[in-house]
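Q: There's a structure below that I have some questions on.
The values are calculated or read from the model by the stated rules, or taken from the named source; none is laboratory data. Since the model is a prediction, treat every value here as computed from it, not as a measurement. Here the Cβ positions follow ideal geometry from the backbone for every residue, glycine too, while neighbour counts run over all protein chains shown. Note: areas computed on protein heavy atoms with side chains; ligands, DNA, RNA excluded. Shrake-Rupley method; radii C 1.70, N 1.55, O 1.52, S 1.80 Å.
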Amino acid sequence: MATVTDLIPVRALNQITYCPRLYYLQYVDAVMPVNEHVEGGLFDHRRVDKPELANRTRKEGDANRSRGVHLSSEKLGISGVLDVIEEKDGVSYPVETKHGSAPRGDDGQPTAWDNDAVQLCGQALLMEEAFGDRVQRGFQFYAGTRERVEVNFTEELRAKTHAAIEKCRQLSALEAPPDPLPAELRHRCFGCSLAPVCLPEETLYQIGLPPAGAEIPAQQPGLTRVIPQSDDGAVLYVQDAGSHVGKRSEHLVVRKDGQEVTRVPMHAIRQVVVCSNVQVSTQALETLAANDIPVAYVTNHGRFIGTFAPAEKKNVGLREAQFRRFADPAQCLSLSKAVVRAKLTNQRALLMRSLRGDGDRGSDEPASRGLADMIRRLDSASSVETVLGLEGQGAALYFAEFGRFLRAEPPGRGFEFTARNRRPPRDPVNALLSFAYAMLAKDCFAAVCTVGFDPYHGFFHRDRHGKPSLGLDLMEEFRPVIADSVVLTLINNEMLTPADFLVWREACQLTELGRRQFFQAYEQRKATVMTHPLYGYKMSYSRMLEVQARMLAAYVRGSVATYTGFTVR
C-alpha cells in the first residue's frame, strides 16, 4: 500500500498520459524548466492559486466554489490540490483550468484532451474517497478558447486513470527514462518545456546508431530541431576590483566607489562570472540561486575556482549510474577514446586550417600526419593510460606548431609562442590559453551540473581533490574549437597587444581592459552557430556543450549504445 511519503501528484497523471518520458524527467529526475506555455498556465491560474482563497467556499453566481482544495488518498496512492470544487443543486464536481485551447470532436464541438480528462478523473477519484459520494462528471476550462467542456467519468476513463497511476509507479522504479515518443506522436514534442532536456530526435537517432567502434553513417540524418538554436540570456562578467554586486527589485546592480556602473534585468542573465576582488551581496546570491543562475569564480591568472549554484538536482539515478559506469574500466576506456578522438580531430582541423597555403589544406604538414596517426592508434588502445599517452603526444605535436598559427609581426611588436607553460603562464600567449581554458572549464562544469552529473567524478581525468574531473572530460573535445580559436582571433585580428598584459616575477596575466576584450571575444565565439556533425542542424557552441552533456547522460544511463564526441568538419 502507498504511504504518505510516496503519493503521486494528481497532475502527474496528465504528464504520463501525454508522454511517459515527460513524466519521468519531471517527477523522477525532478527537472522542471519553464517556457512560455508554462508561464501562460501559471498566469491563467493566478486567481485559483491565491493563498487567501484556498479551502474557502464562496457563493459565485448559482454555485458554491471552493478553490485550492488539498486532497490525498493512501488507498489510491495520489494527492493533489484541486483548482475548484464546484457545488450546484447538491452535486459536487471538479473544475480544472488549462492554458491551451479545447480540441474539436468529429461533430465540431469542443471536447477535452485525453491527458486532461485523466487528470480531471483523478481529482474525481480523490473527491469520492474524501467525501463518500460518487462523482459522475467534471468540467475542463480551456483559457485559450474560453470554453468550458463537460467530462463524463465513464468506466473506461476510470480504468485509464487507474492504469496511469500504476504506470507512474512502474516508471518511478526504472533507472533510466523510457524512449521518446514514436514518430506519429512527435508533434507533442514541439512546445514542450522539457524538449531541450529530453532531446527526442537526437536520442532516437543515437539509439539507431551502430555500437561503439563501428562506422557511423556519413549521410545527414535530417533531424527536426525541437530545441532552441541558442541560449537565452547573457553572461554578466564583473571584474573591476572593489566592485559590489547587489539586487534592486528585479535587477542586478553593479556599483563601484558608490557609483552605479551597470544595471541588468535578472531575466536577461543566464550566468554571472566574478573575477578579481568583487563582492556579491547575500540578497543577490539568494535571488540568483532562486532563479537557477550560477555564479562562477575565476582568478586573474586564469584559474577556475568554483561555482555558487542552486541546490543539486534530484535525479539521483543519473549519479548512481555515473558511479557504476565509471567504475568499469571498459566503459572508461570507451568514453576516453571518444573524447580524445574528438579532441585530436579538432586539433588537426585547426592546424590544417591555420597552416594551409595556396591550394594546400595543410594535410601534408608533419604534425597533421602525426595527429592522424594518433587518431588511428586510438582504436587499438587497451587502457585509459594508453589513451592519455596518445593525447599527450598529440598535444605535443599540436603545440609545437601553435606559434605558426599566429600572424607574423616584426620582432618585439607581436606575440611569440615557443612552448606551452602554465601555473603560472609566463608569456602573453600562454596567459591567453590558460584564461580561455578557465572560462571553458567553468562552462563545462555548468553544463554537467545542469544535466545532473556529479562534476567531480570523471572517466578520463582521474579524480583528484578539488578537480571537476567530469567537466574537464567534456572540455577536451571543445578546447581547440572554442578556447584556442578565441586566442587566435584575439591575436591575429589585433584585438589585443602586448600592452594588454602584466608581467610580474615571470608570471603573466591580462589587464582589466584586456580581460574585457577577451570576454567579448569569448562570448562571441560561444554564440557562433554551426551545424552539428552528427544531427545535421544548427546550434550555437554554447548550446552544444549542454547537448553533448545530455547525450553523455543518455549513454551513462543506457538509453543509447554509444557516445560520439563533437568534431568540426
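Q: Any residue in the range 324-347 that's among the hydroxyl-bearing types (Ser, Thr, Tyr): show its pairings with residues that are buried (at least 19 other Cβ atoms within 10 Å of the Cβ) and part of a helix (DSSP H, G or I) at Cβ separation under 6 Å, as long as the two are six or more apart or on different chains.
A: 336/384; 336/387
Q: Please pick out the residue among 196, 228 that is under 28 Å from residue 440 (Cβ atoms), at pLDDT below 80, open to solvent by 50 Å² or more (accessible area, probe 1.4 Å) and within 25 Å of the chain's Cα centre (by Cα).
A: Working: 196 fails: open to solvent by 50 Å² or more (accessible area, probe 1.4 Å).
Answer to the check: 228.
Q: Could I ask something else about it? So residue 473 ticks every box in (1) over 25 Å from residue 194 (Cα atoms); (2) open to solvent by 20 Å² or more (accessible area, probe 1.4 Å) but one. Which box is left unticked?
A: Residue 473 satisfies all of (1) over 25 Å from residue 194 (Cα atoms); (2) open to solvent by 20 Å² or more (accessible area, probe 1.4 Å) except (2).
Q: May I pose another question? Select from the range 83-121 the residues that are among the charged types (D, E, K, R) and in a strand (DSSP E or B) and write down the one among them that is most open to solvent (accessible area, probe 1.4 Å). Before the answer, list the steps.
A: First pass over the range 83-121, keeping only residues among the charged types (D, E, K, R): 83, 86-89, 96, 98, 104, 106-107, 114, 116.
Next cut, in a strand (DSSP E or B) only: 83, 86-88, 96, 98, 104.
Values: 83: 12, 86: 6, 87: 81, 88: 73, 96: 11, 98: 45, 104: 126 Å².
Among residues in the range 83-121 that are among the charged types (D, E, K, R) and in a strand (DSSP E or B), the one most open to solvent (accessible area, probe 1.4 Å) is 104.
Q: Considering only residues that are modelled with pLDDT of 65 or more and either of a type in the set (Asp, Glu) or open to solvent by 70 Å² or more (accessible area, probe 1.4 Å) (or both), which ones fall in the range 401-412?
A: In the first step, residues of the range 401-412 are kept if they are modelled with pLDDT of 65 or more; the result is 401-407.
Residues satisfying the conditions are 401, 404, 407.
Q: Among the residues of the range 358-365, are any within 30 Å of residue 492 (Cβ to Cβ) and modelled with pLDDT of 90 or more? Talk me through it step by step, then tell me what you get.
A: Of all residues in the range 358-365, those within 30 Å of residue 492 (Cβ to Cβ) come to 358-365.
Next cut, modelled with pLDDT of 90 or more only: none.
No, because not a single residue in the range 358-365 is within 30 Å of residue 492 (Cβ to Cβ) and modelled with pLDDT of 90 or more.
Q: Another one. Only one of these conditions is not met by residue 215: (1) modelled with pLDDT under 80; (2) part of a helix (DSSP H, G or I). Which number is it?
A: The single condition residue 215 does not satisfy is (2).
Q: Here's something else I'd like to know. If you take the residues in the range 492-503 that are touching a helix residue (DSSP H, G or I) at 6+ places or on another chain (Cβ under 7 Å) and not in a loop (DSSP other than H, G, I, E, B), which one is most open to solvent (accessible area, probe 1.4 Å)?
A: In the first step, residues of the range 492-503 are kept if they are touching a helix residue (DSSP H, G or I) at 6+ places or on another chain (Cβ under 7 Å); the result is 495-496, 498, 500-501.
Now drop any that are not not in a loop (DSSP other than H, G, I, E, B), which leaves 498, 500-501.
Working: 498: 58, 500: 31, 501: 19 Å².
Only one residue fits best here, namely 498.
Q: For the list (1) loosely packed, with under 12 Cβ neighbours inside 10 Å; (2) closer than 18 Å to residue 65 by Cα, I need the number of the one condition that residue 124 fails.
A: With (1) loosely packed, with under 12 Cβ neighbours inside 10 Å; (2) closer than 18 Å to residue 65 by Cα applied to residue 124, the lone miss is (1).
Q: Then there is this: Go through (1) open to solvent by less than 60 Å² (accessible area, probe 1.4 Å); (2) within 24 Å of residue 73 (Cα to Cα); (3) in contact (Cβ under 8 Å) with a residue 40 or more places away in the chain one by one and return the number of the condition residue 153 breaks.
A: (3)
Q: Quick check, is residue 480 farther than 22 Å from residue 237 by Cα and of a type outside the set (Asp, Glu)?
A: Numbers: farther than 22 Å from residue 237 by Cα: yes; of a type outside the set (Asp, Glu): yes.
So residue 480 fits the description; yes.
Q: Another question, if that's okay. Working only within the range 235-250, note down all residues that are open to solvent by 30 Å² or more (accessible area, probe 1.4 Å) and closer than 21 Å to residue 516 by Cβ. Step through it out loud before you land on a result.
A: Filtering the range 235-250 down to residues open to solvent by 30 Å² or more (accessible area, probe 1.4 Å) leaves 237, 240-242, 244, 247-250.
Of everything in the range 235-250, those that are open to solvent by 30 Å² or more (accessible area, probe 1.4 Å) and closer than 21 Å to residue 516 by Cβ turn out to be 237, 240, 241, 242, 244.
Q: Here is a follow-up. Output the residue which, of all residues in the range 251-278 that are within 22 Å of residue 450 (Cα to Cα) and touching a Gly at 6+ places or on another chain (Cβ under 7 Å), is least open to solvent (accessible area, probe 1.4 Å).
A: Selected residue: 269.
Q: Can you spot a residue in the range 444-451 that is of a type in the set (A, V, I, L, M), surrounded by 21 or more Cβ atoms within 10 Å (Cβ to Cβ) and farther than 22 Å from residue 197 by Cβ?
A: Looking through the range 444-451, none of the residues is of a type in the set (A, V, I, L, M), surrounded by 21 or more Cβ atoms within 10 Å (Cβ to Cβ) and farther than 22 Å from residue 197 by Cβ.
Q: Whether any residue in the range 534-552 is open to solvent by 30 Å² or more (accessible area, probe 1.4 Å), of a type outside the set (Gly, Ala, Ser) and modelled with pLDDT of 90 or more is what I want to check.
A: The first filter runs over the range 534-552 and keeps only residues open to solvent by 30 Å² or more (accessible area, probe 1.4 Å), leaving 536, 538, 546.
Now narrow it down to the ones that are of a type outside the set (Gly, Ala, Ser): 538, 546.
Applying the additional criterion that residues be modelled with pLDDT of 90 or more yields none.
No: zero hits.
Q: Which of the residues spanning the range 268-283 are within 22 Å of residue 439 (Cα to Cα) and not in a strand (DSSP E or B)? Break it down stepwise before answering.
A: Restricting attention to the range 268-283, the residues satisfying the condition of being within 22 Å of residue 439 (Cα to Cα) are 268-280.
The answer is 268, 276, 277, 278.
Q: Hey, another quick one. Quickly run through the range 516-543 and pick out the residues that are free of Cβ contacts under 8 Å to residues at least 24 places away in the same chain and either small (Gly, Ala, Ser) or in a helix (DSSP H, G or I) (or both).
A: Correct list: 520, 524.
Q: Among the residues of the range 425-480, which ones are outside any loop (DSSP other than H, G, I, E, B) and hydroxyl-bearing (Ser, Thr, Tyr)? Please lay out each step first, then the result.
A: First, pick out the residues of the range 425-480 that are outside any loop (DSSP other than H, G, I, E, B): 428-451, 469-476, 479-480.
The answer is 434, 437, 450, 469.
Q: Quick one: residue 521 ticks every box in (1) aliphatic (A, V, I, L, M); (2) over 23 Å from residue 395 (Cα atoms); (3) crowded, with 21+ Cβ neighbours inside 10 Å; (4) at pLDDT 90 or above bar one, so which box is it?
A: Every condition holds for residue 521 apart from (3).
Q: So, of the residues in the range 122-134 that are out of contact with any Ser or Thr (no Cβ under 7 Å at 6 or more places or on another chain), of a type in the set (Gly, Ala, Ser) and in a helix (DSSP H, G or I), which turns out to be farthest from residue 18 (Cα to Cα)?
A: Among those that are out of contact with any Ser or Thr (no Cβ under 7 Å at 6 or more places or on another chain), of a type in the set (Gly, Ala, Ser) and in a helix (DSSP H, G or I), it is 130.
Q: Given the condition out of contact with any Leu (no Cβ under 9 Å at 6 or more places or on another chain), among the polar types (S, T, N, Q) and modelled with pLDDT under 70, answer yes or no: does some residue in the range 4-19 qualify?
A: yes
Q: Under the condition of being open to solvent by less than 70 Å² (accessible area, probe 1.4 Å) and over 17 Å from the mean Cα position of the chain (by Cα), which residue from the range 298-316 is modelled with the lowest pLDDT?
A: 302
Q: Something else: Tell me whether the range 368-380 contains one or more residues that are open to solvent by less than 30 Å² (accessible area, probe 1.4 Å), assigned to a loop (DSSP other than H, G, I, E, B) and modelled with pLDDT under 90. Don't jump to the end; show me each part of the working.
A: First pass over the range 368-380, keeping only residues open to solvent by less than 30 Å² (accessible area, probe 1.4 Å): 368, 370-372, 374, 378.
If we keep only those that are assigned to a loop (DSSP other than H, G, I, E, B) too, we end up with none.
No, because not a single residue in the range 368-380 is open to solvent by less than 30 Å² (accessible area, probe 1.4 Å), assigned to a loop (DSSP other than H, G, I, E, B) and modelled with pLDDT under 90.
Q: Restricting the search to the range 413-458, which residues are within 18 Å of residue 546 (Cα to Cα), modelled with pLDDT under 90 and hydroxyl-bearing (Ser, Thr, Tyr)?
A: Listed by number, the residues that qualify are 450, 456.
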